[in-house]
Amino acid sequence: MGTVLSISPATKKASIMDAEVAGDGGKNDKSLKRHSMFVSLSWKKLVASSAKKSAKKVTPNPLPTRELPSSQVAQLNSENVRKTHQTEEKKPKAPIPVPVPTVPTQNSESVVQNGRLSSVQKQPSSVSLVSPRRIVIQASTGELLRCLGDFLCRRCYKLKELNSGEVILWFRNIDRTLLLQGWQDQGFITPANLVFVYLLCDDTISDSTDSPAELQGTFQTCLYLAYSYMGNEISYPLKPFMNETNKDVFWETSLRIINRMSAKMLQLNADPHFFTEVFQDLKNQRDSSESNLDR
């Protein structure tokens, strides 16, 4: 009799799943083997690189220095000192000049030259080291104008009818004319300019003047030079200072004053002491009787 073999569907499925699981297990085993191999290789590389870095950073310990005994150190020091003394003895020693202390006199001073002490005699100087005493002089413009008028009246003693007010009027008329005509912006009559006018008048106007016209012409010539030299403007007209009748005399007198007084005119502006002397001289020209009345 024949044998019948029957296979159920569940059993077939189970066998198929077992076969698939067995196949997946083989695959997983292969992947695990490959993964472990990669891990081992990367770990070896990491260990090798860290070993290289540690080899670079680690420095060998320095060798311990050998300490010399104290006796040997002392011996070396003594030898160095002995060699230093020998080299110094070989060098030629130059004599050192020592100045001898002396008490200097008033007109001599000591100088050391090539190791020898020599005395130098001072020449007496004409310029004093002591500064001159400062002199303060105060005077108003009106006071100096009166002093200038008194000086001209005293110098021209032949003009009996001349008074200081007339001289002041000549001066003020010219200054006012220049202001009105626009030749100057401010008045010329100041203490410094009056000192300059007095310097020129003192040298130019002589005591032999015997006419008021001659005195006025010479005085106006001095004023023209003072305006030209001390004034604020570049140029001034001739008409207030010069009359047509004495034109030649005006220019002759001007050239004579320039040739003779140029040095003193420059000195008056450059030397304060000379200016003070002229200033004091002008102030002393005030009439003593008038000054007593003012007091």
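May I ask you to compute the full-extension gain from Glu161 to Gln138, defined as 0.36 nm times their residue separation minus their alpha-carbon distance, rounded to one decimal in nm?
5.2 nm
Per residue, how large is the accessible surface of segment 141-287? Use a 1.4 angstrom probe and give square angstrom.
Heavy-atom accessible area per residue stands at 52 Å².
Want the number for Leu266 to Trp251: 0.36 nm per residue separation, take away the alpha-carbon distance, what's left?
Going from the current span to full extension adds 3.3 nm.
How large, in percent, is the carbon and sulfur part of the accessible surface of segment 141-287 at a probe radius of 1.4 Å?
C and S atoms contribute 50 percent here.
When you count, for each residue, the other Cβ atoms within 10 Å and take the mean per peptide, how do 205-213, 183-191 rank with the highest first?
183-191, 205-213
How far apart, in nanometres, would the label points at Asn259 and Ser208 be if each is projected 7 angstrom from Cα along the Cα-to-Cβ direction?
1.7
With the crude spin-label approximation of a point 7 Å out along Cα→Cβ, what separation in nm comes out for Asn284 versus Thr190?
Spacing of the two 7 Å Cα→Cβ label points: 2.6 nm.
The values are calculated or read from the model by the stated rules, or taken from the named source; none is laboratory data. Source: prediction; values computed, not measured. Positions of Cβ are generated from backbone atoms using ideal geometry, with glycine treated the same way; all protein chains shown enter the neighbour counts. In case anyone asks, the SASA skips ligands and DNA or RNA and just uses the protein heavy atoms, side chains included. Shrake-Rupley method; radii C 1.70, N 1.55, O 1.52, S 1.80 Å.
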